[in-house]
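Here is the structure we will look at, set down as C-alpha cells.
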Amino acid sequence: MKKIAIFAAIMVKSRILQILVLIIMPCMSMASNSSDTIKTWFDTWRENRKVYNAYRDSIFAPVERDAWVNLCIRRADTYRSMYRENKKMIDEMKAHFNRPDVPKADYDSLFSMCMNNGKGVDIFMAEDIMNILVGYYEKNHKTGDQLYSYLTCMYALGSFEYQIGSVGDKLGLSLSYNMLHKAVNLGFRKGLKVNTDIQLRMVMICGIMSLLSPIYVNAGLISYKECDDIMKNIRKNLNSDGWKWIKEFVNSDYPEKFINNRTGQPYDKDDQGLIQGSLTLIDNYETYVFTDAYFEQWQKNPSEENRQLLKAASAKVDIETLFKSKPHLIQELKWALEQIDADKAYRRIDSMTVLGKEVTAKEILGGGLAHLLDPMMSMYHIMPFTSMNDEEKHNKIEQLHNEFTRLLRICKGDNDLRNIVAIEHFVTNKNALKYLSVDEKLNMLNQLMMSAQINTFAHSSHLADLAQTLVEGLIKNAPEQLVGIPGCPTVDDVKNKRDSISEFVRQAAMFHDLGKNSMAPIIANDFRPITDHEYQLVKLHPEKGMRFLQIDPAFSIYHDTTIGHHKWYNGKGGYPESFDNTKSDIRVIIDIITLCDCLEAATDAVSRNYNPTKVFADVLDEFDAQAGTRYNGDIVKVIRQNRRLYSEMERLVSPWGCYAVYYDIYKEFFREK
C-alpha cells in the first residue's frame with residue numbers, strides 16, 4: 001500500500017526518481033511461467049546489482065597503483081560475466097512475453113514481483129517491463145484486481161517517462177502525458193465501479209496530480225485552460241456518490257478500521273495523510289499551480305509585469321505552507337512580492353546553504369544534490385538586485401562554484417536525473433556567468449567534467465593524449481592534411497602554429513563529451529545492455545554539449561568537434577543527422593577526434609567492461625576496413641607509415657597506458673583511509 005501511496009508526491013514535489021525506485025524497480029527474465037522461476041530471476045538480478053555496486057565503489061579505495069590495477073582486472077572479469085548473464089535474462093524475458101500464448105499467471109506474477117521485489121533495477125529497464133505489463137492489462141482489465149494493476153502500471157510508466165523527459169527527451173514527456181491522461185480517464189470511467197477500494201482510488205488521485213504538473217504546460221502539451229477544465233471535471237467526479245465515502249476515511253480518527261480488500265491489511269495514518277494532502281492540492285489547484293508557474297516565470301524574467309502577475313496569483317496563497325519544504329523559496333518569493341528587500345532575502349538564503357559545512361554522500365545521492373543546490377540558485381536569482389558591488393558578487397560566485405565542485409566530488413559521478421537537471425541549470429545560470437571571465441568559465445567546465453562524470457572525464461583525458469599525439473604526428477609527417485583549417489592556408493602556417501593547433505585539439509577532445517553530463521544514469525552502463533530508448537537518448541549527447549558551450553561565445557570554436565564526433569567521415573552515417581561534418585572548416589580535426597574516440601573506447605581496460613578489450617593493431621585494421629566511409633583513410637595511412645607515431649599511440653592505448661591515465665584521475669577521488 002505504501003508503495004502505491006508514494007505516487008501522490010511524484011509530480012507535485014518532484015521527488016520522482018527516489019519515489020519510483022521504491023515502487024517499481026525490478027528487472028528480471030523468464031525461462032518458464034512459474035512464480036518461482038520469476039522470483040529466481042529477480043533475486044539473481046538483485047544480487048548481481050549488489051556485487052556490481054560493491055565493485056563500483058571499491059575502485060575509490062585508497063591503494064597503490066598495482067593493487068588498483070589488479071582490482072580493475074578482477075572487476076572487468078566480474079562485470080563481463082555479469083553483463084552476459086543479465087543480457088541472457090533480458091533476452092529470455094522478452095522472448096517469453098513475445099509469445100502469443102503467455103498465461104495470465106505469468107503477467108500477474110511479473111506485476112507482483114515488480115511491486116514487491118523491485119530493488120536493484122534502473123528506470124529504463126523498469127520502463128521496458130511496464131510496457132510489457134501495460135500491453136497485457138490494456139486488453140485484460142475486467143476485474144478490480146486487473147484494473148488496479150493496469151492503472152498502476154500506466155501511472156508508473158507515465159512517471160518513468162516524466163523523469164526521462166525532464167532531462168530533455170521531448171518524446172518521453174509526450175508519452176508521459178498521454179499515458180497519464182489515458183489512465184485518469186479510465187480510472188473515472190471504470191474505477192467508480194470497484195466499491196470502496198481505497199488503494200485503487202489512491203492510485204487514481206496520484207495520477208490526477210501527476211497529469212496536471214506544470215511541466216506539461218511548459219512543454220506545450222496542455223494549456224492552463226485545459227488543466228482548469230480537467231480539474232473542474234475531476235472535482236465533479238470527486239463530489240459524486242461514488243466518492244463520498246472517501247471523506248469518511250480522510251476524516252476518520254481510526255483509519256486502521258478501513259481494510260485493504262486486496263491485501264487484507266488495515267490502512268494507517270500515512271495512507272490517510274497522503275489522500276488528505278492530495279485532495280487539499282486538488283481543492284487549491286489553481287492557487288498553487290498558478291503561483292508556482294508565475295514564480296518560475298518571474299525567476300526567468302523579473303520584470304514589473306511578471307511581479308504583478310505573481311502578486312495577483314499568490315494573493316490567496318499561504319507562502320509558508322506552499323514552500324514548507326523549501327524555506328529558501330519562501331524568502332525568494334517574499335522578496336519578489338516586495339515583502340522584504342533583496343539584501344535581507346539574500347542573507348537569509350545564504351545562511352541556508354551548506355557552504356563550509358560537512359556533507360556526506362548519503363545527503364547528496366538520490367536527488368540530494370539538487371536539494372543542496374536549490375538555495376544557491378535562489379542566491380543567483382537575487383544577487384543582481386542586492387547592494388553588493390561587482391567584485392563582491394564575483395567573489396561570492398567563485399565561492400559557490402568551489403562549493404559546487406566539492407559537492408560533485410562527494411557524489412563521485414553517481415547522480416540521478418534530478419541531480420543532472422540541477423547541475424545543468426547551475427552551470428548555465430546567466431546571472432552568475434556574467435561575472436566570470438572566459439578562463440574562469442573554461443575552468444568551471446573542466447571541473448564539471450572531472451567532478452560530475454569521472455568515467456567520462458578519464459575517457460576524455462585519455463582521448464586528449466591520443467588526439468594531441470596524433471595531430472602532432474600529422475604536423476611533423478603530413479602537415480598538408482591540416483592545410484585549410486582556420487589560420488593555416490599553407491604548410492608553413494601549420495608548422496609555425498604547431499603549439500596552438502595541438503592545444504586546440506587537446507581542449508576539443510576534452511569537450512567532445514560535454515553533453516554526457518546531462519545523461520549520467522545512462523552512460524557507462526556495463527551492468528546490462530542499454531535499452532532502445534537509452535540508445536536514442538545517448539545519441540543526443542553531442543547536441544546537449546552545445547548547451548554548455550553556449551555559456552560563452554569564445555567556446556564556439558569547439559562547436560563542430562563536439563557536435564560532429566559521431567559523424568562518419570563521408571557524412572552519410574552517424575549522428576546527429578542535422579550536422580554535416582563534410583562542410584566544416586575543421587573537418588580534419590573532427591576526423592582526428594572521431595578516430596581517437598573510437599580507438600580509446602575499443603581499448604579501454606577500465607570503464608567499458610561490456611565487451612572484451614581490443615588491441616591497437618586490431619582496431620587499426622578495422623579503421624582500414626572502413627577507410628573513406630567511416631574514418632579518414634589518409635590519417636590511418638600516416639599512423640601506419642610512421643613507426644614512432646604508431647608505437648606511441650600503441651603505448652598509450654595498451655592496458656598499462658590506460659591504467660596509468662585512469663589511476664591518476666581516480667586517485668583524486670580516493671576515500672580517506
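Report summary: the helix-based calculation at 222 nm, which adds -39500 (n - 2.57) for every DSSP H run with n ≥ 4 and divides by the residues of the chain, gives -21000 deg cm²/dmol. Against the main long axis of the alpha-carbon atoms of the chain, helix 390-411 sits at an angle near 80°. Mean separation of Cα pairs under 8 Å and 6 or more residues apart, divided by the residue count, gives region 289-392 a relative contact order of 24 percent.
What is the gain in length, in nm to one decimal, between residue 491 and residue 387 on full extension, counting 0.36 nm per residue of separation less the C-alpha to C-alpha distance?
Details: separation 104, 0.36 × 104 = 37.44 nm, distance 5.53 nm.
Stretched out fully, the residue 491 to residue 387 stretch lengthens by 31.9 nm.
In a reduced charge model with +1 at each Lys and Arg Cβ and -1 at each Asp and Glu Cβ, the chain shows a dipole moment near 1320 debye about its Cα centre. Between their Cα atoms, which of 357/667; 39/88; 190/236; 257/324 are more than 20 Å away from each other? From the list (357/667; 39/88; 190/236; 257/324), the Cα-Cα distance tops 20 Å for 357/667; 257/324. Taking the C-alpha atoms only, the angle from helix 65-97 to the longest principal axis of the chain is near 50 degrees. Within the full protein context, the accessible area of residue 235 is estimated at about 60 Å² for a probe radius of 1.4 Å. Computing FRET efficiency as 1/(1 + (r/R0)^6) for residue 312 and residue 425, where r is the C-beta to C-beta distance and R0 is 22 Å, gives about 0.25.
For residue 574, the amide hydrogen comes within under 5 Å of the amide hydrogens of 568, counting only partners 5 or more places away or on other chains and with H modelled in the peptide plane. (1) 86, 69, 51; (2) 140, 54, 52; (3) 98, 50, 45: which one is Cα extents along the principal axes in Å as calculated from this entry? Entry (1). When the Cα convex hull of region 50-138 is projected onto planes of every orientation, the mean area is 6.9 nm². In sequence order, region 600-610 has phi-based couplings of 5, 5, 6, 9, 4, 9, 10, 10, 10, 9, 7 Hz under the Karplus curve 6.51 cos²θ - 1.76 cosθ + 1.60, θ = phi - 60°, and Gly or Pro positions carry x.
Over the chain, with every protein chain in place, what whole percent of the accessible area is carbon and sulfur at 1.4 Å, could you tell me? Of the solvent-accessible surface of the chain, carbon and sulfur hold 49 percent. Using only Cα atoms and rounding to the nearest 10 degrees, what angle (0 to 90) does helix 327-336 make with the longest principal axis of the chain? Here the helix axis deviates by roughly 90 degrees.
Could you tell me the relative contact order of the chain? Use alpha-carbon pairs under 8 Å, at least six residues apart, and round to a whole percent.
Details: 866 pairs, mean separation 88.7, N = 673.
That works out to 13 percent.
Taking max minus min of the alpha-carbon positions on each principal axis, region 331-449 gives extents of 39, 31, 23 Å, largest first.
The values are calculated or read from the model by the stated rules, or taken from the named source; none is laboratory data. Since the structure is predicted, the reported quantities are computational estimates derived from the model, not experimental observations. Here the Cβ is made from the backbone with ideal geometry for all residues, glycine too, and neighbour counts use every protein chain on show. With ligands, DNA and RNA removed, areas are computed over all heavy atoms of the protein, side chains included. Shrake-Rupley method; radii C 1.70, N 1.55, O 1.52, S 1.80 Å.
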